[in-house]
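A.B. asks: Below is the structure I would like to discuss, written out as structure tokens.
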2 protein chains.
Amino acid sequence: MNPISVLLVDDHLVVRSGLKALLGTQPDITVVAEAASGEEALAVAQQHPADVVMMDLAMGQGMDGIEAIKRLRQASKQQAVLVFTTYDSDADIVRAVDAGAMGYVLKDAAPEEIFAAVRGAAQGKSVMSAPVASKLFQQLRNPDEVLTPREAELLSLLIQGLSNRELGKRLFISEATVKTHLAHIYAKLGVETRAAAIAVAIRREGMR
Amino acid sequence: MNPISVLLVDDHLVVRSGLKALLGTQPDITVVAEAASGEEALAVAQQHPADVVMMDLAMGQGMDGIEAIKRLRQASKQQAVLVFTTYDSDADIVRAVDAGAMGYVLKDAAPEEIFAAVRGAAQGKSVMSAPVASKLFQQLRNPDEVLTPREAELLSLLIQGLSNRELGKRLFISEATVKTHLAHIYAKLGVETRAAAIAVAIRREGMR
DNA sequence: CCCGGTATCAGCCAAAAGGCGGAGAGACCG
DNA sequence: CGGTCTCTCCGCCTTTTGGCTGATACCGGG
């Protein structure tokens, strides 16, 4: 069988060369190309179609990882996209998965786990680091804690530091409605105050 | 002259091997040891004293980078500590510098910049990535916007989502005093509400 | 066709937060 | 020594937030 070809996408040169060195130790895996940004990834993917694209979600500037995944999937060379990132934020996981990612591996994973993920992705299997899987699982098990679209929208403004009045104006709803949504959000996040909600949201959703 | 010996401290294996590969291209630089945590770094530094310690600030669990720097400096084998991290958060820079770091380099820096930083640190020179230096510079220019130690302490609890009452209990001060500190913090951060303060603080200070 | 989920709004009341002005004690510095 | 900074605390008043209860309307599935 031909070795699995991999395209690395990460804005840090150190991470790319580290990953290349690591994957290089496996005879059945070959890094065929690299890209430092979402835009570059799309271009490079044209020239060097790979079996697996390993992508960091947090790219310094320009297109973010999620957007890049969507575009890659649209261009659909049926290559599998494997998210390789530092954080296991709830929101990122969900967004990545529904952007079409085949797997989600954290940067602090053991080498064997990384290899397994690449091989799995190449075979069309879905692979997740344990902490990632458990987060996803928890969301499925506990739909009561999943925000509705409207609530999520409000939350994303809330964590900018807006007041109830400002939130109302932005969303074209009354302050009363804002309060209702907030009460629901607090309940779902397990907090009592907006301050705590912001703290939790930013940390847990990676909303920055 | 003997090559410069380097000790790498980072909880991500990928980053360590990438950095090792990168530094390996320079004849005058040799990586002599690695560590995956602050605790390990201290132990390893005993066995393999290096000229320069390259340290990530954000270590998964256990001792954080700042703490590790302090301890290393106390043990003082006069080795230079170079911070090598992803974020250029205001607070981290200040804390690292006064914990005794010789330099501060961002992970997305160009290879030449990284090499220069290592060489500079080995010679006892202070080295900073441009964005880092400019942040520090701005703080010196604008002392009105720098939080006092007490304010910073309060802020670090604030962004956990605590109420004024809770803040008071934690810091053994009255609620009145808490409000006074908060008012000063708001002024310095340029916000009017605690929600906005939390939002700004978490984003700008990287306080997570 | 009724029910559950979502989104919208209201009013009332208590608690929390914020603005304002003032003030004393200790530390540090020129 | 005098000025500045920092940390501490008070009271008073206004605004904001949060808790509670209840209500209307739309939509989609069983």
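The values are calculated or read from the model by the stated rules, or taken from the named source; none is laboratory data. Source: prediction; values computed, not measured. Neighbour counts run over all protein chains shown; Cβ positions are idealised from the backbone, glycine included.
A.B. asks: Taking the options B:188, B:179, name whichever one is surrounded by 15 or more Cβ atoms within 10 Å (Cβ to Cβ) and within 11 Å of DNA strand D (Cβ to nearest atom). Before you say what the answer is, go through the steps one by one.
C.D. replies: Details: B:179 fails: surrounded by 15 or more Cβ atoms within 10 Å (Cβ to Cβ).
Sole residue among the options that is surrounded by 15 or more Cβ atoms within 10 Å (Cβ to Cβ) and within 11 Å of DNA strand D (Cβ to nearest atom): B:188.
A.B. asks: May I pose another question? Could you tell me how many of the residues in the stretch B:143-164 are without any contact (Cβ under 8 Å) to a residue 60 or more places away in the chain and assigned to a helix (DSSP H, G or I)?
C.D. replies: Restricting attention to the stretch B:143-164, the residues satisfying the condition of being without any contact (Cβ under 8 Å) to a residue 60 or more places away in the chain are B:143-151, B:153-164.
Retained after the next criterion (residues that are assigned to a helix (DSSP H, G or I)): B:143-145, B:149-151, B:153-158, B:164.
Residues flagged as without any contact (Cβ under 8 Å) to a residue 60 or more places away in the chain and assigned to a helix (DSSP H, G or I) within the stretch B:143-164 amount to 13.
A.B. asks: Taking into account only those residues within the stretch B:151-175 that are at the interface with another protein chain (Cβ under 9 Å from one of its Cβ atoms) and within 25 Å of residue B:93 (Cα to Cα), which is nearest to DNA strand D (Cβ to nearest atom)? Full working, then the answer.
C.D. replies: Residues of the stretch B:151-175 that are at the interface with another protein chain (Cβ under 9 Å from one of its Cβ atoms), as a first pass: B:158-163.
Filter again for within 25 Å of residue B:93 (Cα to Cα), leaving B:158-161.
On the way: B:158: 13, B:159: 15, B:160: 15, B:161: 10 Å.
In this case the residue turns out to be B:161.
A.B. asks: Here's a follow-up. Answer with yes or no whether residue A:167 is more than 8 Å from DNA strand C (Cβ to nearest atom), outside any helix (DSSP H, G or I) and not assigned by TED's automatic domain parsing to the domain that holds residue A:90. Write out each step before concluding.
C.D. replies: Details: more than 8 Å from DNA strand C (Cβ to nearest atom): yes; outside any helix (DSSP H, G or I): no; not assigned by TED's automatic domain parsing to the domain that holds residue A:90: yes.
In short, no.
A.B. asks: Using the structure shown, decide if residue B:135 is assigned by TED's automatic domain parsing to the domain that holds residue B:51, assigned to a loop (DSSP other than H, G, I, E, B) and not polar (S, T, N, Q).
C.D. replies: Numbers: assigned by TED's automatic domain parsing to the domain that holds residue B:51: yes; assigned to a loop (DSSP other than H, G, I, E, B): no; not polar (S, T, N, Q): yes.
Answer is no for this residue.
A.B. asks: Still on this structure: Inside the stretch B:85-121, can you point out the residues that are touching a residue at least 60 places away in the same chain (Cβ under 8 Å) and within 11 Å of chain A (Cβ to nearest Cβ)?
C.D. replies: B:87, B:107, B:111, B:114, listed by residue number.
A.B. asks: Restricting to the stretch A:87-125, count the residues that are at pLDDT 85 or above and surrounded by fewer than 19 Cβ atoms within 10 Å (Cβ to Cβ).
C.D. replies: Taking the stretch A:87-125 as the starting set, the residues that turn out to be at pLDDT 85 or above are A:101-107, A:109-125.
Checking which are surrounded by fewer than 19 Cβ atoms within 10 Å (Cβ to Cβ) leaves us with A:110-113, A:115-116, A:119, A:123-125.
Summing the residues that are at pLDDT 85 or above and surrounded by fewer than 19 Cβ atoms within 10 Å (Cβ to Cβ) in the stretch A:87-125 gives 10.
A.B. asks: Consider only pairs whose beta carbons are under 6 Å apart and that are at least six residues apart or on different chains; among these, list those whose first residue lies in the stretch A:176-196 and is away from chain B (no Cβ under 14 Å) and whose second residue is surrounded by fewer than 16 Cβ atoms within 10 Å (Cβ to Cβ).
C.D. replies: What qualifies is A:188/A:145.
A.B. asks: Given the criteria away from DNA strand D (no atom under 16 Å from the Cβ), more than 14 Å from chain B (Cβ to nearest Cβ) and closer than 18 Å to residue A:200 by Cα, does residue A:145 qualify? It would help to see each step written out before you state the result.
C.D. replies: Working: away from DNA strand D (no atom under 16 Å from the Cβ): yes; more than 14 Å from chain B (Cβ to nearest Cβ): yes; closer than 18 Å to residue A:200 by Cα: yes.
When the stated conditions are applied, residue A:145 passes them.
A.B. asks: Follow-up. Considering each of B:88, B:108, B:64, B:98 in turn, give the residue that is assigned by TED's automatic domain parsing to the domain that holds residue B:34 and within 16 Å of DNA strand D (Cβ to nearest atom). Steps first, please.
C.D. replies: Working: B:88 fails: within 16 Å of DNA strand D (Cβ to nearest atom); B:108 fails: within 16 Å of DNA strand D (Cβ to nearest atom); B:64 fails: within 16 Å of DNA strand D (Cβ to nearest atom).
It is B:98.
A.B. asks: Filter the stretch A:16-67 down to the residues that are within 14 Å of chain B (Cβ to nearest Cβ), touching a Ser or Thr at 6+ places or on another chain (Cβ under 7 Å) and not in a loop (DSSP other than H, G, I, E, B) and list them by number.
C.D. replies: Scanning the stretch A:16-67 gives A:18, A:21, A:22.
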